[in-house]
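So the structure is just underneath, and the comments pick up after that.
The values are calculated or read from the model by the stated rules, or taken from the named source; none is laboratory data. Please read these numbers as outputs of a predicted model, since none were measured by experiment. Every residue, glycine as well, gets a Cβ built from its backbone with ideal geometry; the counts of neighbours run over all protein chains shown.
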Amino acid sequence: MAGVEKRAYRTALLATRQRDEALDIVQDAMLKLVQSYGERAATEWGPIFHRILHSRIHDWFRRRKVRSIVGRWWGGGEDDEADPIAELPASAEIEPSAILKRHDAMDALENALKLLPWRQQQVFLLRVWEGFDVAQTASVMGCGEGSVKTHFSRAVHALREKLGEHWP
Amino acid sequence: MTQNTLKDDEFLKQAKRVLDDDVATLDPLIAQRLQVARRQALDGATRRHTRGMPQWLSSTVAASVLVAMAWMLIPREADLKTGMEDLELLSSAEDLEFYENLEFYQWLDAQPSEAG
């Protein structure tokens, strides 16, 4: 689990764009893995962990959606509409040293990934970063293999278009 | 393999490398928090195992404690006897001096009576 947690955090951060939310999601997923699947062989932990992680991220999106709808019902009005600027990480969360250190290539990739729909983002990270094959990815995402192939193809196409020929 | 596929493969390798580099230079504070979270998850599992394993043992201990308490709290026959003796002593109209010399009288009573 030690090698996976940082990638899991980065995955959750890409989805939520909020550091604390991402940390909570990863912690929750680790707890669930150990509590419910601790008896399984360590080799099985990777796909199981990602299934839990992606399920937690999915739940997070759903909760946010519900909150947004409820907020509108209870008189929040337009202020509660999802605001892309408001969803960006708070300035306090961006440390100047981290910005300086961060490589331009990662910035560009991160920005391009953020523009993808969540399912495409998810499939790209699972296939490319975690090295899961189509079947494993389908199992983690809870969808068919055909759907994985479609999402992946679209993700790669969109990213290449966005990043251009000379990236990184 | 087409030119486009080759480009895709190269692109995917680059993407993986960039992502790996990013994680390798993750904010130390975040890395530490993740490490703590992992340790807590593993500790929680250990505690759960420790707690769950000896259920039969905790039941036995609980039963033993109940028996011990009952043994201590329920008055035994000897205690009852002593209590009654104390009560008799306290409610008696005899002179206190008589009781102070009781041992002597008991000894005297035990002596064989002299003929005559």
Next on the checklist: Among the numbered criteria (1) at pLDDT 95 or above; (2) under 14 Å from the mean Cα position of the chain (by Cα), which one does A:Met141 miss?
Outcome noted: (1)
Checklist outcome for this item: A careful count of residues in the stretch A:15-30 that are within 11 Å of the chain's Cα centre (by Cα) and facing chain B (nearest Cβ under 10 Å) gives 2
Checklist entry - For the stretch A:103-149, how many residues are of a type in the set (A, V, I, L, M), surrounded by fewer than 19 Cβ atoms within 10 Å (Cβ to Cβ) and in contact (Cβ under 8 Å) with a residue 40 or more places away in the chain? => result 3
Checklist entry - Which condition does A:Arg17 not pass, out of (1) at positive phi; (2) touching a Leu at 6+ places or on another chain (Cβ under 6 Å), if it passes all the others? => result (2)
